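What follows is one structure encoded as structure tokens, with my remarks underneath.
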Amino acid sequence: MTDKPYRKNVGMVVFNAKGDVIVGERVHFPGSWQFPQGGIDENEDYIDAAKRELFEELGIKDAIYVGEYPDWIPYDFPNNLHLNKSLQKYRGQMQRWILYFWDGAITDCDLEHHEIEFLSVRYMKLSETIDAVVDFKKKVYEQFIPLFSQWIENYIAEKQK
């Protein structure tokens, strides 16, 4: 067991009016698709971090907050993962997951205005994301997806009334 701490991190699930979610193909994990996520700066509120990260990674400024998973979810970095220097001091990440609605076109996402983290982005069915993400994040996704799936369904049903 390691004495290293977890890095505080926020993940964002962004869905559209069809109920599809935005996933990105990570630069360092070609072929794997994941939700945008990023570190929470010292003294930064995790909701503020989520808004900042959505803009940095996808160029999205006008997503609508829908809800958040009620607990922090940790995951450990695998031993064979090549971490950049800033992440080597952590055993893994402690994540807070936020759900947003945004009905923009995938081509409206700007992946290049900040540090490029995704090779490309696309919409995907929420149920497909567990199989699409790298193995060490699957258990995290399995925790929040059932709740978010229900919220997405409810949100879309409410908008259609």
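Arranged from fewest to most other beta-carbon atoms within 10 Å of their beta carbon, THR107, THR129 become THR107, THR129. Once you reduce segment 88-158 and segment 11-63 to the center of their Cα atoms, the two points are 7 Å from each other.
Wrap a convex hull around the Cα atoms of segment 47-97, take a quarter of its surface area, and give that in square nanometres.
On the way: hull surface 18.5 nm².
Projected over every direction and averaged, the Cα hull of segment 47-97 covers 4.6 nm².
Adding -39500 (n - 2.57) for every DSSP H run of four residues or longer, then dividing by how many residues the chain holds, sets the calculated 222 nm ellipticity at -8000 deg cm²/dmol.
Listing VAL134, VAL140 from the residue with the fewest other Cβ atoms within 10 Å to the one with the most, what is the order? Going from sparsest to densest Cβ surroundings: VAL134, VAL140. Considering only the other residues whose Cβ falls under 9 Å of the Cβ of TRP33, what net charge follows from Lys and Arg at +1 and Asp and Glu at -1? Counting the neighbours of TRP33, the net charge comes to 0.
Length gained on full extension, GLN160 to GLN88, computed as 0.36 nm times the residue gap minus the Cα-Cα distance: 21.2 nm.
If exposed means no more than 16 neighbouring beta carbons inside 10 Å and the site is in a DSSP loop, what's the longest run of the chain without any exposed GluC sites (Glu not before Pro)? Formally, the longest exposed-site-free interval is 45-111.
Computed on segment 86-161, the Cα convex hull volume stands at 134 Å³ per residue.
The charge dipole of segment 28-93, taken about the Cα centre with unit charges on the Cβ atoms of Lys, Arg (+1) and Asp, Glu (-1), comes to about 340 debye, rounded to the nearest 20.
Listing LYS138, LYS159 from the residue with the fewest other Cβ atoms within 10 Å to the one with the most, what is the order?
On the way: LYS138 14, LYS159 10.
If I rank by nearby Cβ atoms, fewest first, I get LYS159, LYS138.
By the Kirkwood approach, averaging reciprocal distances over each pair of separate Cα atoms, segment 6-160 gets a hydrodynamic radius of 15.7 Å.
Restricting attention to segment 6-160, the count of lysine pairs at 8 or more positions apart or across chains with alpha carbons under 23 Å apart stands at 25. Axis of helix 46-58 versus longest Cα principal axis of the chain: the two differ by about 80°, to the nearest ten degrees. For segment 1-67, a Kirkwood radius taken over Cα pairs fed into Stokes-Einstein (25 °C, viscosity 0.890 mPa s) yields D = 184 µm²/s. As a length-normalised measure over Cα pairs under 8 Å and 6 or more apart, the relative contact order of segment 6-160 settles at 35 percent. Taking Cα atoms only, the orientation of helix 138-160 departs from the longest principal axis of the chain by about 20 degrees. Got a sec? Which residues in segment 82-100 would a label at GLU115 touch, if it sits 7 Å along Cα→Cβ and we count backbone N under 13 Å? Backbone N within reach: 83-88.
Every read-out reported here was derived from the displayed coordinates using simple, explicitly stated rules and does not represent laboratory data. Values in this document were obtained by computation on a predicted structure and should not be read as measured data. All Cβ positions, even for glycine, are placed from backbone atoms using ideal geometry, and neighbour counts span all protein chains on display.
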